[in-house]
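Report on one structure; see the data block that follows.
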Amino acid sequence: MHRQEEAKQMVIKMIVAAVLLAAGLFWPGPLWLQAAVFVVAWLAVGAEVLVEAVKELLGGEGMNEEFLMSVASLGAFMVGEYPEAVAVMLLFQLGEALQRRAVGKSRGSIAALLDMRPDHANLLEEGGAVRTVAPETVRTGQLILIRPGERIPLDASVVSGSADLDTSALTGEALPRPVVAGDRLISGCVNLNGLLTARVDKEYGASTVSRILELTEHAAEKKTRVENFITRFARVYTPVVVGAAVLLALLPPLLLSQSWHDWIYRACTLLVISCPCALVISVPLAFFAGIGGAGRGGVLVKGGNYLEVLSRTETVLFDKTGTLTEGNFRVSRVLPSPGHTEEELLRLAACAEHHSPHPLARSLREAYGREIDAALISDVAELPGYGLKARVEGREVLVGNGQLMAKLGLAYAEDDWPGSQIHVAADSAYWGCILVEDRLKEGAAATVGELKALGIRTALLSGDRRAAAERVGAALGMDAVYAELLPEDKVAKTEALLQEQSPKGALAYIGDGINDAPALARADVGLAMGKLGSDAAIEAADIVIMNDDPRRIPLAIRHARRVLRIARQNIVFSLAVKAVILVLGAAGIATMWLAVFADVGVALLAVANSMRCLGFAK
């Protein structure tokens, strides 16, 4: 049965039970008929709860809140407190309905991400024919047509046309992003106005939208330490409470010859008060809502446990290129060695980097500015932390940093030039150096400043030259700068800094490249830039910043701290109120009416508090 129909039926049952309860309270007729009215009212809202409690008990799930409420209401019937027996079930169902509504609203914030799922792709065939197909059937290299108003089905590159894209579902940004020929398209965005022809870069399973959907759907499965504590607590707490209620009902009448009616009533009141609804619902809901709120803000969190770790962050380590800088490089100088020309050097480097998606490689191709015959290039291999090698027109070419040249035993030119230095060697001979400059991202300095205001230490880990890295570190106000690091060096430095954290503190690493993936995985919590970031970095990270804006990092940390604060508020508030009412109930001061109002009221207040986690800092 559809959930909406079930909810509608439950509302009708609650209305019927409320009317019958009111009628029973003011019933002028025979007592047996009055009792029958209360029984019918109880069956309307209580039968389903009792059946569920029995099913879970027989299925090995143990005692839960349905079991507590069933025993309490049946006990009230036993001692002749019919109105209170009905009220227990009626208010319990009302509380459950309101809680389900709150959970549904929280799920809706995550479901909004799932609306990014594309339902079709327009495959452009030879001869200009267009065929509508499922995105899963399109292969890399095929052309697709994206019309105005359509969602981009796959990661692709624009071949022709221009348009404005709505990227808000992925990045949380309201402003449209213009794209033209040569620009990359991220699946899940919406084409607002232009007609685009694009070449598919990744098949559906590897596309951005597919990865986001998969991560989002499984995010709630990764529980925090707080949630695991609540689960373990409820498993022990409920049987203990039932045992205490049994002793409260039996011992005073048996040992002190006191009234069975009074002590069974107190035991039932104890069961109602002790129901752990507020904890069991509100604490997981806080993290679930926190994940949804972060998603709406353009921060994809792969599990509630990562929010918890992020909230304890004491140190943040940054990669430089693509993380704190724009990644939009431009060639500033070409410095060939004697016997070679600038054009030869630039052509050789651009050909070797022809297939590379790295921003540095893109800058070389743009500076060369001519068509490259891919048939001339073969045996391309990445050298993580160094560069790459390829065979160009039968010649072995290596393009990378100074460490690569040193590894090859080649003397190379190096000076305190600004920007990144790309060295080129061919056939075991040094050909020269190309200087490439990058700019800091807008808000990079503000990000570091905000992190410091939060009491967080910052450090830069870069594979770039020391002079270039220290120049960036000084401009941003970093607490420490570590330069000329290979991927394994970044992992080693991350491990060393992990040892410096306090027992409850955590270390975060933020990067975007393949060389950052090991450090992202090694840190307590890894954050990847999702727009320009490599697949390896996004896969290794625990949290993805979808719009690559570093200013989202302090916002995400503030958000995580707020979620943890709200979850703890719920725990303290729920236990404190229950402790007071439990004492009053055991002493015979609190009635079952007060107990049920306290239970439902505390649960709803805790749920309402959890819903605050749906917001994300501006």
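Quick look at the numbers
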{"quantity": "Any chance VAL572 is more than 25 Å from SER259 (Cβ to Cβ), among the hydrophobic types (A, V, I, L, M, F, W, C) and in contact (Cβ under 8 Å) with a residue 24 or more places away in the chain", "calculated": "no"}
{"quantity": "Filter result for ARG561 (among the basic types (Lys, Arg), surrounded by fewer than 20 Cβ atoms within 10 Å (Cβ to Cβ), at pLDDT 85 or above and touching a Lys or Arg at 6+ places or on another chain (Cβ under 9 Å))", "calculated": "yes"}
{"quantity": "Filter pass, LEU335 being of a type outside the set (D, E, K, R), surrounded by fewer than 19 Cβ atoms within 10 Å (Cβ to Cβ) and in contact with a Gly (Cβ under 6 Å, 6 or more places away or on another chain)", "calculated": "yes"}
{"quantity": "Pair list, Cβ under 8 Å, 6 or more apart: the range 279-297 residue polar (S, T, N, Q), other residue modelled with pLDDT under 80", "calculated": "SER282/ALA603"}
{"quantity": "Of the criteria (1) at pLDDT 75 or above; (2) within 30 Å of TRP263 (Cβ to Cβ), which one GLU81 fails", "calculated": "(1)"}
{"quantity": "Any hit, the range 295-316, residues being surrounded by fewer than 19 Cβ atoms within 10 Å (Cβ to Cβ), among the charged types (D, E, K, R), under 25 Å from the mean Cα position of the chain (by Cα) and over 29 Å from TYR482 (Cβ atoms)", "calculated": "yes"}
{"quantity": "Residues within the range 583-618 that are of a type in the set (D, E, K, R) and modelled with pLDDT under 75, tallied", "calculated": "2"}
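Yes/no matrix, rows are residues, columns are (1) modelled with pLDDT of 85 or more; (2) closer than 21 Å to GLN403 by Cβ; (3) buried (at least 21 other Cβ atoms within 10 Å of the Cβ):
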| residue | (1), (2), (3) |
| --- | --- |
| ARG457 | yes, no, no |
| LEU461 | yes, yes, yes |
| ARG466 | no, yes, no |
| GLU470 | yes, yes, no |
| ALA475 | yes, no, no |
| ASP479 | yes, no, no |
| PRO487 | no, yes, no |
| LYS490 | yes, yes, yes |
| LEU497 | yes, no, no |
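For (1) of a type outside the set (Gly, Ala, Ser); (2) assigned to a strand (DSSP E or B); (3) at pLDDT below 80, each residue gets a yes or a no:
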| position | (1), (2), (3) |
| --- | --- |
| TRP263 | yes, no, no |
| THR269 | yes, no, yes |
| VAL272 | yes, no, yes |
| ILE281 | yes, no, yes |
| PHE287 | yes, no, no |
| GLY293 | no, no, no |
| TYR306 | yes, no, no |
| VAL309 | yes, no, no |
| THR315 | yes, yes, no |
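One line per residue, one yes/no per condition, for (1) within 30 Å of VAL242 (Cβ to Cβ); (2) touching a helix residue (DSSP H, G or I) at 6+ places or on another chain (Cβ under 8 Å):
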{"position": "ARG552", "(1), (2)": "no, no"}
{"position": "ARG561", "(1), (2)": "no, yes"}
{"position": "ARG568", "(1), (2)": "yes, yes"}
{"position": "ILE571", "(1), (2)": "yes, yes"}
{"position": "GLY601", "(1), (2)": "yes, no"}
{"position": "ASN609", "(1), (2)": "yes, yes"}
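The values are calculated or read from the model by the stated rules, or taken from the named source; none is laboratory data. Computed from a predicted structure; not experimentally measured. Every residue, glycine as well, gets a Cβ built from its backbone with ideal geometry; the counts of neighbours run over all protein chains shown.
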